[in-house]
Amino acid sequence: MAPTDLRRPFKRPPISDQEKRRAQSLLRQAQNRQDAQRHARFLATTVLTLPSQSHVPESQPEPEPEPEPELELELELTEAASASDSNSLENLDVLGASKLKAAEARKWFAKQLMLPEWMIDVPSNLAQDWFVFARPSGKRCFVVSCNGTTISRLRNGSILNRFPSALPSGARRKDSGSSQSYSILDCIFHELDQTYYVIDMVCWRGYSLSDCTAEFRFFWLNSKLAETGACEPPSYYHKYRFSLVPVYGCDSNGLQAAYSAPVPFVKDGLLFYNKHAHYQAGITPLALVWKDENCSQYVMDTDSKGQVPNQQQVVLELQEDGQLTTSDDPPVVFGCLDGSFIQQSGLHSGCFIRFSIGEGGLILMDGKLEKADLHYLGKANRARGSADSFSKVMFQYSIRHSPLKMDVLLESVSSPVDQESKACDVQMDG
């Protein structure tokens, strides 16, 4: 019998279509970029070819633009109700969202964060195309600085803190920058040291970075944040400290450093970002979160008492037709409730319902859900902002049955030289 080739890396078989969706997301990015470039060329051509309607002498000063209204992120403006169709929630920027009523503003901000999928399968080219960094434990939030104030908003859109900061236009100081510009940071607020750990930059001094790659955004973040003094200790005009999280290339050394190196915060798993990924609102397979018991104290979901239940629990959203879906776009359907049960239980469309997964488990076919053994538990907590994502359900399911371990991740990013060296060591030990 021929000896086993010890140099061949172990490859965990895929259990989902996550890799396919990653490729589709990158293709959509490229298409969107091409569409934007075509639109820009069309706009430029149109402007150049339109006949001039009036000639303004060079010596005549241009009329001054009308001043923008002050940015107050929780204004109760009555004019918001009469906004035009072009100013819908989907098309607003942060300045437009600032003029919405409180409830509408929370709804808008709740949809702006880029949310990672849970790592179900190891991405191809993990070592070449991905960054990795430790995720601080805490509250994920947007931090927006504009017009002399800084506001942080949680994932559900509600305000966490309102404070002065050293960010551009973040405090009422003469040197804080133009009141018309704004900056947006993607942060995690770590309560133990009262620090905002910045994991991404969405906008800087009014310049949007959402269509830039993660590689450029991380470079810009590291270059610009320290210049503002935002990383300095708190002061009168700077209530909370901001700090950068060390980001590594996802080779074996970088992965090991993100996993094991000491950090000034409590870790809650690892985050993986595709280097080519743009910042897109909602759940994306181009950003991933992974956990085990060595880098997070919250690997398995707990119940309201903080205990790990005997059976896995999931939260799904009830649709008008009775279907139970995840928060993905498009959503994944887990099952359906009949009308009589919905009426008897006092449920309604849009509510979030908690289920346990019975012994029948989850049945998949080609990475897609075919059947789920769901058992009704009741309505989810009212503070809940969304249903579980499909990748979270699958990650929690795999933790209980076949977890994706760190040694598999390290093996996937090892170079052929490293693999050959390990094989030689095994042969010598034998």
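The values are calculated or read from the model by the stated rules, or taken from the named source; none is laboratory data. What you are looking at is a predicted structure, and each value in this text was computed from that prediction instead of being measured. A quick note on method: Cβ atoms are made from the backbone with ideal geometry, for glycine too, and the neighbour counts reach across all protein chains shown. When the accessible area is computed, the model is the full protein with side chains, heavy atoms only, and any ligands, DNA or RNA have been set aside. Shrake-Rupley method; radii C 1.70, N 1.55, O 1.52, S 1.80 Å.
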(message) For the range 284-294, check the following and say yes or no: at least one residue is farther than 19 Å from Arg28 by Cβ and open to solvent by 30 Å² or more (accessible area, probe 1.4 Å).
(response) yes
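Considering each residue of the range 213-232, count those that are crowded, with 18+ Cβ neighbours inside 10 Å and not polar (S, T, N, Q), and give that number.
6
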(request) Starting from the range 403-420, keep only residues that are at pLDDT 85 or above, then list their pairs with residues that are not in a loop (DSSP other than H, G, I, E, B) whose Cβ atoms are within a distance under 6 Å, requiring at least 6 positions of separation or different chains. (result) Leu410/Ser252; Ser412/Leu126; Val413/Leu126; Val413/Ala127; Val413/Ser252; Val413/Leu255; Ser414/Ser252
(request) Please indicate, with yes or no, whether at least one residue in the range 366-385 is acidic (Asp, Glu), touching a Gly at 6+ places or on another chain (Cβ under 9 Å) and under 19 Å from His401 (Cα atoms). (result) yes
(request) Go through the range 119-162 and count every residue that is over 20 Å from the mean Cα position of the chain (by Cα) and either under 23 Å from Pro403 (Cβ atoms) or among the acidic types (Asp, Glu) (or both). (result) 3
(message) Among the residues that make up the range 198-210, is at least one of them within 16 Å of Thr284 (Cβ to Cβ), part of a loop (DSSP other than H, G, I, E, B) and either acidic (Asp, Glu) or in contact (Cβ under 8 Å) with a residue 12 or more places away in the chain (or both)?
(response) yes
(message) Given the options Leu369, Leu377, Leu362, Leu347, name the one that is closer than 18 Å to Asp301 by Cβ and open to solvent by less than 70 Å² (accessible area, probe 1.4 Å).
(response) Leu362
(request) Could you list, in sequence order, all residues of the range 326-344 that are within 24 Å of the chain's Cα centre (by Cα) and either open to solvent by 20 Å² or more (accessible area, probe 1.4 Å) or farther than 27 Å from Ile399 by Cβ (or both)? (result) Ser327, Asp328, Asp329, Pro330, Pro331, Val332, Val333
(message) Within the range 233-246, take every residue that is more than 17 Å from Cys146 (Cα to Cα) and within 26 Å of the chain's Cα centre (by Cα) and give me the one that is most open to solvent (accessible area, probe 1.4 Å).
(response) Arg241
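Kindly check whether there is at least one residue in the range 350-363 that is β-branched (Val, Ile, Thr) and touching a Phe, Trp or Tyr at 6+ places or on another chain (Cβ under 6 Å).
No, the conditions are met nowhere in the range 350-363.
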